[in-house]
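Please read the structure below before turning to the comments.
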Amino acid sequence: MVSKASSFLLESQELTALACAVYLKDQSRSRNFINQSRIPHVKDTRSSWSLNVLINKVRFHAKVSKIQDGYKVLIAGDIFEVKGNLSFISPLMDLTVNGEQRLLQLNQRLGGGSYDIRYYGNVYPLNVLDDVAYEFSQYMLEKKKVDTSSLVLAPMPGILKSVGVAAGDMVAEHQEVCVLEAMKMQNSLVSAKGGKVKKVNFTMGDTVNEGDTIVELE
């Protein structure tokens, strides 16, 4: 019989592996966008990475390598193979971990390797850092956590293809409020909670930068 502690550890390790895969795919998309924008950038030719995932401030260290259709993640001696369609078109990602289906919902991409991910019905604030960034983070003063649940932020630079809400509208939790096109792919952006739209700062066709506030809720 598997104990609750063992089950929680396995779930945390699986979430760590999934977070590593999401982060690396996100980084790859960002580099592709920069290259298309003609901004000088050194191409990343690595096929393995050393990453640190902070889940509710608990650190999990992972060694990640690229495999066909996904990533192999080594965590504390255990291997997790993450495969599937790592697409940001929809907040829902249908993936597999060691051949077992796992459904992950990407609630928010906050930039800098920070995400809010819903997994097994719970929402986890995650930070993914490489070893250098993690070491530097140990010497930095902790920032006060800012509640961004009332904001819909641009996770990357792009062009708004549609805006589906206006000031005064009521939205439900995880409702699509706009579609952002980046690198010729359309990304559905959703509200982190339900509420009344206070302000819409951009319109269809506008260009936004990473971190821009597109929609504000009351």
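Which one of V190, V163 is crowded, with 19+ Cβ neighbours inside 10 Å and more than 21 Å from M93 (Cα to Cα)? Residue meeting the stated conditions: V163.
Restricting attention to the range 74-87, the residues that are in a strand (DSSP E or B), closer than 17 Å to E11 by Cβ and not charged (D, E, K, R) total 4.
Just the residues that are over 18 Å from D131 (Cα atoms) and surrounded by 16 or more Cβ atoms within 10 Å (Cβ to Cβ), please, taken from the range 73-87. Hits for the range 73-87 are F80, E81, V82, K83, G84, L86.
Hey, which of the strands (runs of 3 or more DSSP E) in the range 120-207, taking only ones fully inside, have at least 1 residues that are over 18 Å from the mean Cα position of the chain (by Cα) and among the β-branched types (V, I, T)?
Numbers: elements: 122-130, 151-153, 158-163, 176-182, 185-190, 195-200.
Answer list for the range 120-207: 158-163, 195-200.
Criterion applied to E173, E216, E210, E181 was being in contact (Cβ under 8 Å) with a residue 12 or more places away in the chain and buried (at least 17 other Cβ atoms within 10 Å of the Cβ), and the one residue passing it is E210.
Would you check which residues across the range 88-103 are surrounded by 19 or more Cβ atoms within 10 Å (Cβ to Cβ) and either assigned to a helix (DSSP H, G or I) or at pLDDT below 90 (or both) and list them?
Looking only at the range 88-103, we keep the residues that are surrounded by 19 or more Cβ atoms within 10 Å (Cβ to Cβ), and these are 88, 91, 93, 95, 97.
Matches in the range 88-103: F88, P91.
Based on what the data block shows, is L141 at pLDDT below 90, aliphatic (A, V, I, L, M) and closer than 17 Å to I55 by Cβ? Taking the combined requirement at face value, the residue does not satisfy it. Among the residues making up the range 56-67, those that are surrounded by 19 or more Cβ atoms within 10 Å (Cβ to Cβ) and either in contact with a His (Cβ under 9 Å, 6 or more places away or on another chain) or among the aliphatic types (A, V, I, L, M) (or both) are A62, V64. With respect to the conditions (1) at pLDDT 90 or above; (2) of a type in the set (A, V, I, L, M, F, W, C); (3) in contact with a helix residue (DSSP H, G or I) (Cβ under 8 Å, 6 or more places away or on another chain), M183 lacks only one, and its number is (1).
When the range 178-216 is filtered for residues that are among the aliphatic types (A, V, I, L, M) and more than 23 Å from G121 (Cβ to Cβ), the ones remaining, listed by number, are V179, L180, A182, M183, M185, V197, V200, M204, V208, I214, V215.
The values are calculated or read from the model by the stated rules, or taken from the named source; none is laboratory data. Just so it is clear, the model here is predicted, and its values are computed rather than measured. Neighbour counts are summed over all protein chains in view; Cβ atoms, including those assigned to glycine, are modelled from backbone coordinates with ideal geometry.
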